[in-house]
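Values in this text are rule-based calculations from the coordinates and carry no lab data. None of the values given here were measured: they were computed from a predicted structure. Neighbour counts run over all protein chains shown; Cβ positions are idealised from the backbone, glycine included.
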Amino acid sequence: MYNPLVDTYFTDGCGRCSLGGTPDCKVHRWDKELTILREIALSSGLNEELKWSVPCYTFGKKNIAIVGAFKEYATLSFFKGSLLLDEAKLLVSPGENSQSTRSFRFTDVSRILELEPYIKAYIHEAIELEKEGKKVPLKKTEEYTYPEELERKLEQDPALKKAFLSLTPGRQRGYLLYFSAAKQSSTREARIERSISRILEGKGINDL
């Protein structure tokens, strides 16, 4: 069943940037693709909710997948995609450090229609994983490598170090992944500097 709260995403976008509600919003670049992905998700027995300002599809109150728009493509992403067999090798990881999420990426409607049987089969598999209570084996926070730039900053600023170590393990991992993803040292340093105030406030990288 269509959720009217989700309709706002398709008309105005996620609202995270100044382009929201304008013709230049990324959502409008992929109108047709997103609409079809929405229909496939709903026809597969999933419930539709608005979470993190994007369409989220659930089963038994468990998150199964989200639909989203990026500049280069539209996606349908599985929260526990790394557990899917994906024998056809259709899913991609959003980043080299992603432990669980895997996504379909589309740039045209014909490709979605071509892969619709696979999409539905993967959704069904994801539902079965939830029914079985399967969980993605995640690395512990202490197993992550601290970027050299962060280690140096924490040693220079005891208050920041205390605040960072006081964050929940999930928030710490979020920052470590975000900082480490930058290839250049200068970029890592810039990301750390921009995040200091949020860390001191006890907020994670995606907290409002």
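Before moving on, here are some points about what is shown:
- Folded to 0 to 90 degrees: helix 31-43 orientation relative to the chain principal axis, Cα: 80 degrees
- Sites residue 159 and residue 136 - FRET efficiency at Förster radius 41 Å, r taken between beta-carbons, to 0.05: 0.75
- Interatomic Cα distance distribution for region 15-58, bins of 5 angstrom, percent: 5, 21, 23, 25, 16, 8, 2
- For the listed peptides 15-22, 117-124, a ranking on the average number of other beta carbons within 10 Å per residue, highest first, reads 117-124, 15-22.
- The mean sequence separation of alpha-carbon pairs under 8 Å and at least six residues apart, normalised by the residue count of region 145-208, gives a relative contact order of 43 percent.
- To the nearest ten degrees, helix 169-180 and the longest principal axis of the Cα atoms of the chain are 90 degrees apart.
- Positive dipole terminus of the chain, leading residue within 45, 100, 68 (C-beta point charges): 100
- HN-Hα J in Hz across region 145-157 - Karplus 6.51, -1.76, 1.60, θ = phi - 60°, x for Gly and Pro: 8, 7, x, 4, 5, 6, 4, 5, 5, 5, 6, 7, 10
- Folded to 0 to 90 degrees: helix 185-200 orientation relative to the chain principal axis, Cα: 90 degrees
- Computed label-point distance, nm, for sites residue 197 and residue 121 using a 7 Å Cα→Cβ extension: 5.0 nm
- Rg ratio for region 141-200: its Cα radius of gyration over 2.2 N^0.38 Å, N being its residue count, equals 1.00.
- The calculated pair-distance distribution of the chain uses every alpha carbon pair, bins of 5 angstrom beginning at 0, and gives 1, 7, 13, 16, 16, 15, 14, 10, 6, 2, 1, 0 percent.
- One quarter of the convex hull surface built on the alpha carbon atoms of region 87-208 amounts to 10.1 nm², the projected area averaged over directions.
- Divided by 2.2 N^0.38 Å, where N counts the residues, the Cα radius of gyration of region 166-208 comes to 1.09.
- Cα-projected label distance for residue 166 with residue 31, points at 7 Å along beta-carbon direction, nm: 4.9 nm
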